[in-house]
1. Could you calculate the FRET efficiency of residue D:60 with residue A:27 from 1/(1 + (r/R0)^6), where r is the beta carbon distance between them and R0 is 51 Å, rounded to 0.05?
2. Over chain A, what is the relative contact order in whole percent, taking alpha-carbon pairs under 8 Å and six or more residues apart?
3. Measuring from a point 7 Å out along Cα→Cβ, what nm distances, shortest first, does residue B:263 have to its partners in the other copies?
4. Taking R0 as 22 Å, what FRET efficiency do you get between residue B:14 and residue C:94 from their Cβ-Cβ distance, rounded to the nearest 0.05?
5. Starting from the Cα gyration tensor of the range A:21-109, take the square roots of the eigenvalues, sort them a ≥ b ≥ c, and report rounded, prolate or oblate (rounded when a/c is under 1.5, otherwise prolate if a/b is larger than b/c, else oblate).
6. With θ set to phi - 60°, apply the Karplus curve 6.51 cos²θ - 1.76 cosθ + 1.60 along the range B:125-139 and write out the HN-Hα couplings as whole Hz, x wherever there is a Gly or Pro.
7. Which cross-chain or sequence-distant (5 or more) residues have an amide H under 5 Å from the amide H of residue B:194, H modelled 1.01 Å from N in plane?
8. Starting from the amide H of residue A:160, placed 1.01 Å from N in the peptide plane, find each other amide H under 5 Å away whose residue is 5 or more places distant or on another chain.
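Quick note: the coordinates plus some simple rules give every number you see, no bench work behind them. Bear in mind that the values here come from a model prediction, so they are computed numbers and not experimental data. Note that we place each Cβ from the backbone using ideal geometry, even for glycine, and neighbour counts take in every protein chain shown.
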There are 4 protein chains.
Amino acid sequence: MAIENKAPGKDVSEEDLQSKFPLAAKKSPDHKSLVTVGDVTFGGDFIPVFAGPNMVEDEAMIVQTAREVKARGASFLRGGAFKPLTFPYRSPKYTETREDGVAWLKKAKEETGILVITEVMEERYLDLICETADMLQIGSRNMQNYPLITAAAKTGKPMMIKRHFGCSLRDWLGAAEYALIEGNSNVVLCERGVAAPHTHRGSSRFLLDLQAVPAAQEVTHLPVVVDPSHATFWAPWVAPMSLASVACGADGIMLEVHPDPPNSAVDPLQPIGFEPFGDLMKQMDATAKVIGRRVL
Amino acid sequence: MAIENKAPGKDVSEEDLQSKFPLAAKKSPDHKSLVTVGDVTFGGDFIPVFAGPNMVEDEAMIVQTAREVKARGASFLRGGAFKPLTFPYRSPKYTETREDGVAWLKKAKEETGILVITEVMEERYLDLICETADMLQIGSRNMQNYPLITAAAKTGKPMMIKRHFGCSLRDWLGAAEYALIEGNSNVVLCERGVAAPHTHRGSSRFLLDLQAVPAAQEVTHLPVVVDPSHATFWAPWVAPMSLASVACGADGIMLEVHPDPPNSAVDPLQPIGFEPFGDLMKQMDATAKVIGRRVL
Amino acid sequence: MAIENKAPGKDVSEEDLQSKFPLAAKKSPDHKSLVTVGDVTFGGDFIPVFAGPNMVEDEAMIVQTAREVKARGASFLRGGAFKPLTFPYRSPKYTETREDGVAWLKKAKEETGILVITEVMEERYLDLICETADMLQIGSRNMQNYPLITAAAKTGKPMMIKRHFGCSLRDWLGAAEYALIEGNSNVVLCERGVAAPHTHRGSSRFLLDLQAVPAAQEVTHLPVVVDPSHATFWAPWVAPMSLASVACGADGIMLEVHPDPPNSAVDPLQPIGFEPFGDLMKQMDATAKVIGRRVL
Amino acid sequence: MAIENKAPGKDVSEEDLQSKFPLAAKKSPDHKSLVTVGDVTFGGDFIPVFAGPNMVEDEAMIVQTAREVKARGASFLRGGAFKPLTFPYRSPKYTETREDGVAWLKKAKEETGILVITEVMEERYLDLICETADMLQIGSRNMQNYPLITAAAKTGKPMMIKRHFGCSLRDWLGAAEYALIEGNSNVVLCERGVAAPHTHRGSSRFLLDLQAVPAAQEVTHLPVVVDPSHATFWAPWVAPMSLASVACGADGIMLEVHPDPPNSAVDPLQPIGFEPFGDLMKQMDATAKVIGRRVL
């Protein structure tokens, strides 16, 4: 009785590497791409860190954050001006700052010289965002918005593609291939937690999938960043999971850092403050040295 | 020791109904909306059926399909002209037919009078698609593309919002709220399978979540459609899961039907042929009668 | 670069059918076993129903329940005397009734003539339980307790093996093979909900996996029962999911029925009362007739 | 409309800590138990390592393994004599070695002085195993076999309770409570991978849940061990995930180490050899030092 079919399956197969994502696939076991943004390179011994608030709330807070995280070793300021929120209702405090937010990011960049990454949600704002951002973030929720990925790739800007919390490694590499096929080879991936049967606490909607780091690095030459803040959604777990991310081979770390975490406009359970961030940077650096890499 | 936090949680709470999706939430236990498209109404005793191929391959096949499924009781012709594919490579056979596909759908509609639903992926094609489509489909992969949902809602066309395979009921109702807040009250939801630890066969990437039908109907007044074809990804399971969908209260059924299933351009393991479709329509109708509803 | 390995995978493969569960595997597409218990047969047109409380609370309630569910068409009285509880603490009301519970089941059987199924947790109580039970239930939590399955199989009693909520179809068939290899061919499987990323409500810890019904029936000749009560954990969803279970081909239905649901000793959100049970039996029977089967 | 119910939920709540697992629950934020086995202590700065084969194959291999892993810093020899296998069929090579296996473990212990942990599956073999084992392992598949946990706890031997791959933190702490309530306070927990929607490769059936380490340590005072070998099921991922386990705070590491990995009797894709084990021990030690702990 023939029960087999030729369905492609959920996992990455040898055949996929050739036919589905030939550009994202490794060509040899030690094939690893270097992706350079400004004076920072992903994929080598140095592990760049992205730090900043979930939302760019106002000019003062984002300039202050840029200064403080740069002083502690962050390569990139992160912060959302355009943000996909699960519901269309926002308190005054929780409103997207959009064009203003981008302008404040620009100010932070000018004042500190830090590199900037921010999320793009719509093609129409790409030009505006590209004036300021050094790197474009495709958020988890838009990982399968292929027209957006294509448009972003065409700008030539370096890109980070966050994994959707319901998507497989195979889906994720498919999204990367949409960018690579446009001739934009400056693509890094970012794991930020997956939907799983058990996430332990009401506070944690996702499970940080660190196994995805060696799994992805086994099949793709693209650098793999990890974002423990959005995955755990719970500040007390951010430091241990950040160290674990470095230890298992992450090529970059993205962290939510806020001047005043309990008063963060979005998800106040998640960010860490400047001092804990500084301590964590030192610990991540020491962890990285164990495997011949560095964070500072 | 205080371990609690105020995180919103993964599941729908009473508070969410008031603050997160007041428009999607039921106001009383028997609150159920009727959504009318042409001469068809969702949410009443009649259970409309959508049938057609995954991809609109050419004019002849889509006109033939429209005729055959209409003759067997389908209210809607479904077929993708613009389609998000996991990888950017397509065989000649597997290429999106885009503007041509929409034109062929129009032809099928003119020749048979059947209602048409098709997927929208980009705001720029909304006008084109609205000329032909009676209902706009937001696909699973774009469920969290809120600008697209907003733009689609503004056209005033009835909409179907498919649940992303990694998203919760809470996320799904959030997406619906983005449409409702634009004043477009003609919104139906569609369950099409979720990512789960075990899907039984290499053939099945998803698990059809029928528990979502009573769960969604408990909290929202919007009609809930089920698509067993995309969920099971395996034709032999489509008939039993379609009957189960009707039995548990689905307000509509979407089925992949193809003139020649083994030669379907996309996912040939999934569609059923015209004769099995006709048989299934009769069985679904008999099942519906058990709970005071009808399919034919 | 060789990335493939020979790992067995998570899903049922053709090779498994021959080498891993040759006794549980179908030998031909229409191979389906009949399992007879007393005067009831599973796997044919008739769909037997198990009904009763989660816990055998006292003699009066179990005798009353046996009488009421039998009068409404149930073939089996279900009720736990020995029960695995997640925590070792029980209120006086919530205490296992153990030997007493088995004696009360015996009384119910003698008074009504109904068949009895109850859970076995330890080999030492097998003799005691076999004096009363017509069918032995291996609970979800003991699905991988292979010595228990072996010992239960050796008694020759018909057995139901419930699927663990974290286990695959492959794991489940492996458990059945442990019974079959002892020469006990009277084995039925029972799906009772799986752990999944999203279960919609705080009330629902599991997702009823109805796709497992056609999936299991595709590869095994053993009858497949469904228990919507334990899966949904929420009485309002039990009726729709029971009808869906029948519609998709379940070979038996297990339901939690209690004389006074809000005062059930265990999980009071889950059982339904006698009148709703009677109504549901009629609706399940009408649904079964659609596919040439019957419940009454 | 009241949609709320009083269901206990899937995650650990404040109320659970008081009523469901008062013995396993932390009493204050810095409450952490020390569990001592022979001359080794879990829960302090030192992180003990368990190493050895999946199955005790013969005397020579287990004695050799004991010597080699001890020389490289392992505190415990691990190896299965009694093992729950998913299917009842075993090649001659793959057969449980049972009483012989226990005798060979004893020999290895006598020759090297290493501590021994091995799995218990049935109460009837507890006395036999307790003569040799310094620590009893309750395997993943028996995590909810509460009579077995109770019987094992009553021996007074230190115990490791592995998390079932489908179980929540709440379920796991419930299992621990069954041991603690017997007065056996020498209990350690072990995470070994969970069933999840995406595990990346056909080789990986599970996802190592490192988020469970800080999550468990937030609510329980019991030490938390991690087993990356069984979780990843794939040797190339074992080293990075072991370093990550140490980095996120694991109180012990369990590794599958075999004299000749490709010829391992069970799961040959999973074990690492002696030299890689030695290198990994040094890297884990260096990683531990970052957080003030040590492996060597």
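1. It comes out at approximately 0.75.
2. For chain A, the relative contact order is 20 percent.
3. Ordered by distance, the counterparts are at 5.5, 6.9, 7.0 nm.
4. 0.25
5. oblate
6. 9, 4, 4, 4, 5, 5, 5, 9, 6, 8, 8, 9, 9, 8, x
7. Amide H to amide H, under 5 Å and 5 or more residues apart or across chains, residue B:194 pairs with B:207, B:208, B:209.
8. HN-HN under 5 Å from residue A:160: A:136, A:137, A:138, A:188.
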